1. Quick one: would you say residue 180 is surrounded by fewer than 15 Cβ atoms within 10 Å (Cβ to Cβ), touching a residue at least 24 places away in the same chain (Cβ under 8 Å) and out of contact with any helix residue (DSSP H, G or I) (no Cβ under 7 Å at 6 or more places or on another chain)?
2. Return yes when residue 124 is closer than 19 Å to residue 108 by Cα and at pLDDT below 95 and no when it is not.
3. Within the group 60, 83, 96, which residue is crowded, with 20+ Cβ neighbours inside 10 Å and either in contact with a Phe, Trp or Tyr (Cβ under 8 Å, 6 or more places away or on another chain) or at pLDDT below 90 (or both)?
4. Just the residues that are over 13 Å from residue 198 (Cβ atoms) and not in a loop (DSSP other than H, G, I, E, B), please, taken from the range 32-61.
5. Against the definition (free of Cβ contacts under 8 Å to residues at least 40 places away in the same chain and under 18 Å from residue 26 (Cβ atoms)), how does residue 109 come out, yes or no?
6. Given the condition touching a strand residue (DSSP E or B) at 6+ places or on another chain (Cβ under 9 Å), loosely packed, with under 13 Cβ neighbours inside 10 Å and either within 30 Å of residue 38 (Cα to Cα) or touching a residue at least 12 places away in the same chain (Cβ under 8 Å) (or both), answer yes or no: does some residue in the range 151-172 qualify?
7. Given the criteria β-branched (Val, Ile, Thr), free of Cβ contacts under 8 Å to residues at least 24 places away in the same chain and surrounded by 12 or more Cβ atoms within 10 Å (Cβ to Cβ), does residue 103 qualify?
8. Restricting to the range 183-215, count the residues that are small (Gly, Ala, Ser) and surrounded by fewer than 12 Cβ atoms within 10 Å (Cβ to Cβ).
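The values are calculated or read from the model by the stated rules, or taken from the named source; none is laboratory data. Source: prediction; values computed, not measured. Cβ coordinates were reconstructed from backbone atoms using ideal geometry, including for glycine residues, and neighbour counts include every protein chain displayed.
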Amino acid sequence: MTVQSMGLKQGHWPVLYSFRRCPYAMRARMALFHAGIQCEIREVLLSHKPAALLALSAKATVPVLQLPDGKVIDESLDIMRWALGDHGLCWQADAAVADLIAVNDTLFKQHLDAYKYGQGVDVQSSFEAGCVFLAQLDQRLAASQYLFSDAVSLADVALFPFVRQFAAVDLMAFSSLPFMHVQQWLKGWLDDADFKAIMCKRPPWQAENQAVFLL
């Protein structure tokens, strides 16, 4: 829905630069959506990043959140923690959660990229290395509905977009893995109404285009 169709004025909510399929952007959008934070969402073409994004963040990667007071948050986890800390989300976010997210964002992400893009390594070896991490997640999920308990943690929301990306490389190979709990956990997130809402398609944002879309 556009702002114009709602009769609202621009400039009174945060602005999120995002890319629909980016797992980092997905988890930021999920946190903002769960927290009920209304923001303007600007879909970015990664091959043609807008000057407004480049001016806000030197790293020029999504997601980037600009708050109404001008403050810029340009790391997905920081966006999630901002939503968690200031807007009442009750997700577990202690040191153990942070440690698991760190493994996902370093080792698993490295294996995921090599498996998906074949970046100068043996793809099968990268697949198998990624499965080691999935096996660890499966052990956790055998004991509870989510990664740390029967309640959602920050890690659940931070990790599932990357597991989704890993599964999408070869759905048949993923479905044949002996990780029933991970597969059920991922399906639950993919079927989640909030996830479907944050994955709706929007046209690329252009500075000269006055149409504004809200998350």
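1. Values: surrounded by fewer than 15 Cβ atoms within 10 Å (Cβ to Cβ): yes; touching a residue at least 24 places away in the same chain (Cβ under 8 Å): yes; out of contact with any helix residue (DSSP H, G or I) (no Cβ under 7 Å at 6 or more places or on another chain): yes.
Yes: the conditions hold for residue 180.
2. On the way: closer than 19 Å to residue 108 by Cα: yes; at pLDDT below 95: yes.
Here the answer is yes, as residue 124 does meet what is asked.
3. Details: 60 fails: crowded, with 20+ Cβ neighbours inside 10 Å; 96 fails: crowded, with 20+ Cβ neighbours inside 10 Å.
Criteria check complete, one pass: 83.
4. Of everything in the range 32-61, those that are over 13 Å from residue 198 (Cβ atoms) and not in a loop (DSSP other than H, G, I, E, B) turn out to be 40, 42, 51, 52, 53, 54, 55, 56.
5. Working: free of Cβ contacts under 8 Å to residues at least 40 places away in the same chain: no; under 18 Å from residue 26 (Cβ atoms): yes.
When the stated conditions are applied, residue 109 does not pass them.
6. Yes: the range 151-172 contains one or more residues that are touching a strand residue (DSSP E or B) at 6+ places or on another chain (Cβ under 9 Å), loosely packed, with under 13 Cβ neighbours inside 10 Å and either within 30 Å of residue 38 (Cα to Cα) or touching a residue at least 12 places away in the same chain (Cβ under 8 Å) (or both).
7. On the way: β-branched (Val, Ile, Thr): yes; free of Cβ contacts under 8 Å to residues at least 24 places away in the same chain: no; surrounded by 12 or more Cβ atoms within 10 Å (Cβ to Cβ): yes.
No, not satisfied.
8. Here the count works out to 2.
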